[in-house]
Each structure stands twice: as structure tokens, then as C-alpha cells.
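Visitor: Below you'll find the structure I mean.
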Amino acid sequence: MFSWLRRDPRKKLEKAYAKKMEQARDAQRNGDIQGYASLVAESEEILQEIDRLTAQQVG
């Protein structure tokens, strides 16, 4: 009945993904390639979680 009041966990993850990618971009621009690589790896994990949630909602 009140499903429209529930927060969408995908939106929260998408926001976290965007923030990680911005941090990765800044690390790369500052020459911190190892930091860039670790941030991109973390963002890929978040993206996989987003894909999993999307697949659950569709199927």
C-alpha cells in the first residue's frame, strides 16, 4: 500500500557510484594512479550491486 514511500536503494548506490568516480577522476588528475585504480575497483563493485538490484526488479 505504501510502496511509494520506500526509498529506492538503487538511487543511493547510483549516488555513491558517481561520487567514487569523481574521487577516482581527481586522484588520476593528481597523479595518484594506485589510488585511482582502487577507487575504480570500488566503483565497479557498486556498479555490480546496481546491476544486481536492477535485475531483481525486472525479473
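The values are calculated or read from the model by the stated rules, or taken from the named source; none is laboratory data. Everything numeric here is computed off the predicted structure, so don't read it as measured data. Reconstructed Cβ throughout: ideal geometry from the backbone, glycine too, with neighbour counts over all protein chains shown.
Visitor: Of these, L39, L47, L53, which one is assigned to a helix (DSSP H, G or I), modelled with pLDDT under 95 and of a type outside the set (G, A, S)?
Guide: On the way: L39 fails: modelled with pLDDT under 95; L47 fails: modelled with pLDDT under 95.
Of the residues listed, the single one that is assigned to a helix (DSSP H, G or I), modelled with pLDDT under 95 and of a type outside the set (G, A, S) is L53.
Visitor: Applying the selection to the range 6-59, what residues are on the phi > 0 side of the Ramachandran plot and either surrounded by 15 or more Cβ atoms within 10 Å (Cβ to Cβ) or touching a residue at least 40 places away in the same chain (Cβ under 8 Å) (or both)?
Guide: From the range 6-59, those on the phi > 0 side of the Ramachandran plot are 31; that's our starting set.
Of everything in the range 6-59, nothing turns out to be on the phi > 0 side of the Ramachandran plot and either surrounded by 15 or more Cβ atoms within 10 Å (Cβ to Cβ) or touching a residue at least 40 places away in the same chain (Cβ under 8 Å) (or both).
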